[in-house]
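What follows is a short report on a single structure.
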Amino acid sequence: MQRKDGGGLGLKRPVMWNKTAMPRHVWSILEGDEKNVWVAWMKQYKLKGRSIWTVRNVSNSSWVWKNLLATKYIMRPLTSWRMGDGSRISFWDDNWLGLGDLRSKIPVTCIAASDITPWLRLKMS
């Protein structure tokens, strides 16, 4: 595709445009901009109170949702945490050490039997 000044229509390459637009959509979800109707809808109907970092892809997901979830893996190493009051941090699902989440490394029975589970408001899924 040629630029306008080169005699073309100035159209953007769809694949490249998509690769640059998807992280912005994920960022909008992470920021939690409730004024944005799309973000509010995604949080209500897709995330259902969960973090985008912990949501897993299912086979019947739409193309857009699959690509958003794939984009989060590209973005994850480029992000950092600010603890704040801890309400948006998950002890079991967040990647604290760069080795993956604890939930995938520790058997569910051990997590349920741990003394720290009630303190962490663990939701078994």
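No value in this document is a laboratory result; all are computed from the given coordinates. All values reported here derive from a predicted model rather than from experimental measurement. All Cβ positions, glycine included, derive from the backbone under ideal geometry; neighbour counts span all protein chains shown.
Applying 1/(1 + (r/R0)^6) with R0 = 30 Å to the Cβ-Cβ distance of residue 102 and residue 18 gives a FRET efficiency near 0.35.
Which pairs, out of 43/72; 4/66; 46/72; 4/72; 19/46; 48/72, put more than 25 Å between their alpha-carbon atoms? Provide the component values of the computation, followed by the final result.
Values: 43/72 15 Å; 4/66 33 Å; 46/72 15 Å; 4/72 33 Å; 19/46 21 Å; 48/72 17 Å.
From the list (43/72; 4/66; 46/72; 4/72; 19/46; 48/72), the Cα-Cα distance tops 25 Å for 4/66; 4/72.
The residue among 39, 49, 62 whose Cα reaches farthest toward the positive pole of the charge dipole of the range 1-79, with charges on the beta-carbon of Lys, Arg, Asp and Glu, is 62.
Gain on full extension, evaluated as 0.36 nm per residue between residue 85 and residue 11 minus their Cα-Cα distance, stands at 22.1 nm. Relative to the Cα centre, the charge distribution of the range 1-79, modelled as +1 at Lys and Arg Cβ and -1 at Asp and Glu Cβ, gives a dipole magnitude of about 200 debye.
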